[in-house]
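Heads up, the thing below is written out as structure tokens.
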Amino acid sequence: MINPFETPKYLEKFGLKEPPYTTNPDERYLFLTDTHQNAISMCGRLIQNREGAGLIVGDHGTGKTTIMRRLTSLMRADARFRIAVIETAEHCPSLFQLVKEILESFGEECIGRDTKTRVDQLKQFLFAQFKEQRACVLFIDESQQMMGSLLESLRGLLNFEDPAAGGKLLQIILLAMPGINRKLRFAPSFSNRVVRTQLHRMNRQEMADMLEWRFVQAGGRIFPFDSPTLDALFDMSKGNPRTVCGIGQVALEIAGTTGRAITSDVILEVSATRIA
């Protein structure tokens, strides 16, 4: 009987210390294409200059959450920043609930029982952090789930400024599927204040480079995907990073348990059973 909890055979076969193609948002395995680098640079510039709001748009599996985790990891190690993270925007259908989530994510106890009191508390917190020379940054993942009216309410939070410094007291980074663009039409005042960038799917060369880089990062020795196999994988995945990694991971497991080489036939076999 196979023990599903023993060390997978493919790790030993390929000299890997851990799975190279996990689809979990692990920032250690974030491969930076040009669009990923642009997104990170945009966020860094916006936060450093206290410009207000940024938006990273991308299809599912293109790396939005992983970018967020890379940025928050860097900032949590730096005393100049205070970070709040809302993992999924659907938990905040109103400004009343959103401000509570923001305060609690910053580590504050929300004491207000009405929206104005909560907003006032947030404003006082942000001013206190500003006086201590800390930048407060709010990340909202899956922000396409927010109503247009709530997106428009974010404009009010951007109005917290220090006149002498000329910068926003709260920086907001939204990460969203393309559906947010439709909702932003109902939030014109906020939309006009947002700096935007978009993550694109990988081209064939970026996909190959990403797979090889992650394989080496995980301790691998001889990269097991030849050119025809990579062609098949690109055709099946359309360059979506999460789909690429999902198929690649199962292909490694098949090679480890059956002794087969990873070929285009294996890719087609995996693709036929995997839901992207």
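The values are calculated or read from the model by the stated rules, or taken from the named source; none is laboratory data. Because the structure is predicted, anything quoted here is derived from the model rather than measured. Note that we place each Cβ from the backbone using ideal geometry, even for glycine, and neighbour counts take in every protein chain shown. Keep in mind that these areas ignore ligands, DNA and RNA; they rest on the heavy atoms of the full protein, side chains included. Shrake-Rupley method; radii C 1.70, N 1.55, O 1.52, S 1.80 Å.
Pick from Arg242, Arg155, Arg214, Arg201: which is in a loop (DSSP other than H, G, I, E, B) and under 28 Å from Leu55 (Cβ atoms)? Spell out how you get there, then give the answer.
Working: Arg242 fails: in a loop (DSSP other than H, G, I, E, B); Arg155 fails: in a loop (DSSP other than H, G, I, E, B); Arg214 fails: in a loop (DSSP other than H, G, I, E, B).
Unique residue meeting the criteria: Arg201.
Given the conditions (1) crowded, with 16+ Cβ neighbours inside 10 Å; (2) out of contact with any Phe, Trp or Tyr (no Cβ under 7 Å at 6 or more places or on another chain), which single one is not true for Thr72?
(2)
Residues of the range 119-154 being open to solvent by less than 30 Å² (accessible area, probe 1.4 Å), of a type in the set (S, T, N, Q) and within 13 Å of Leu175 (Cβ to Cβ), which ones?
Of everything in the range 119-154, just one residue is open to solvent by less than 30 Å² (accessible area, probe 1.4 Å), of a type in the set (S, T, N, Q) and within 13 Å of Leu175 (Cβ to Cβ), namely Ser143.
Would you mind stating whether Thr257 is open to solvent by 10 Å² or more (accessible area, probe 1.4 Å), touching a helix residue (DSSP H, G or I) at 6+ places or on another chain (Cβ under 8 Å) and of a type in the set (S, T, N, Q)? Explain how you work it out, then say what you get.
Details: open to solvent by 10 Å² or more (accessible area, probe 1.4 Å): yes; touching a helix residue (DSSP H, G or I) at 6+ places or on another chain (Cβ under 8 Å): yes; of a type in the set (S, T, N, Q): yes.
Criteria met by Thr257.
Can Glu27 be described as surrounded by 12 or more Cβ atoms within 10 Å (Cβ to Cβ), touching a residue at least 60 places away in the same chain (Cβ under 8 Å) and touching a helix residue (DSSP H, G or I) at 6+ places or on another chain (Cβ under 8 Å)?
Considered against the rule, which asks whether it is surrounded by 12 or more Cβ atoms within 10 Å (Cβ to Cβ), touching a residue at least 60 places away in the same chain (Cβ under 8 Å) and touching a helix residue (DSSP H, G or I) at 6+ places or on another chain (Cβ under 8 Å), Glu27 comes out as no.
Contact list please: Cβ distance under 6 Å, first residue in the range 201-214 and surrounded by fewer than 19 Cβ atoms within 10 Å (Cβ to Cβ), second residue of a type outside the set (Ser, Thr, Tyr) and part of a helix (DSSP H, G or I), pairs at least six apart or on different chains.
Listed pairs, sorted by first residue: Arg204/Phe234.
Residue check, Ile180 against (1) at pLDDT 95 or above; (2) hydrophobic (A, V, I, L, M, F, W, C); (3) buried (at least 21 other Cβ atoms within 10 Å of the Cβ); (4) closer than 30 Å to Glu109 by Cβ, all met but one. Which one?
(4)
Being outside any strand (DSSP E or B), out of contact with any Leu (no Cβ under 6 Å at 6 or more places or on another chain) and open to solvent by 60 Å² or more (accessible area, probe 1.4 Å) is the requirement here; does Phe186 meet it?
Spelling it out, Phe186 is indeed outside any strand (DSSP E or B), out of contact with any Leu (no Cβ under 6 Å at 6 or more places or on another chain) and open to solvent by 60 Å² or more (accessible area, probe 1.4 Å).
Which ones in the range 85-118 are open to solvent by 70 Å² or more (accessible area, probe 1.4 Å), among the charged types (D, E, K, R) and touching a Leu at 6+ places or on another chain (Cβ under 8 Å)?
The one that is open to solvent by 70 Å² or more (accessible area, probe 1.4 Å), among the charged types (D, E, K, R) and touching a Leu at 6+ places or on another chain (Cβ under 8 Å): Glu109.
Kindly indicate which of Thr7, Thr22 is touching a residue at least 12 places away in the same chain (Cβ under 8 Å) and either in a loop (DSSP other than H, G, I, E, B) or not small (Gly, Ala, Ser) (or both).
Matching residue, one of Thr7, Thr22: Thr22.
Conditions: (1) open to solvent by less than 10 Å² (accessible area, probe 1.4 Å); (2) outside any helix (DSSP H, G or I). Ile247 meets all but one. Number of the miss?
Looking at each condition in turn, Ile247 falls short on (2).
Matching residues to (1) farther than 26 Å from Leu138 by Cβ; (2) open to solvent by less than 50 Å² (accessible area, probe 1.4 Å):
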residue: Leu170; (1), (2): no, yes
residue: Ile222; (1), (2): yes, no
residue: Pro228; (1), (2): yes, no
residue: Gly239; (1), (2): yes, yes
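Per-residue answers, yes or no, for (1) out of contact with any strand residue (DSSP E or B) (no Cβ under 9 Å at 6 or more places or on another chain); (2) in a helix (DSSP H, G or I):
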| residue | (1), (2) |
| --- | --- |
| Gly107 | no, no |
| Asp120 | yes, yes |
| Ala128 | yes, yes |
| Cys136 | no, no |
| Leu151 | no, yes |
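In the range 30-57, which residues are open to solvent by 20 Å² or more (accessible area, probe 1.4 Å), aliphatic (A, V, I, L, M) and under 15 Å from Gln171 (Cα atoms)?
Ile40
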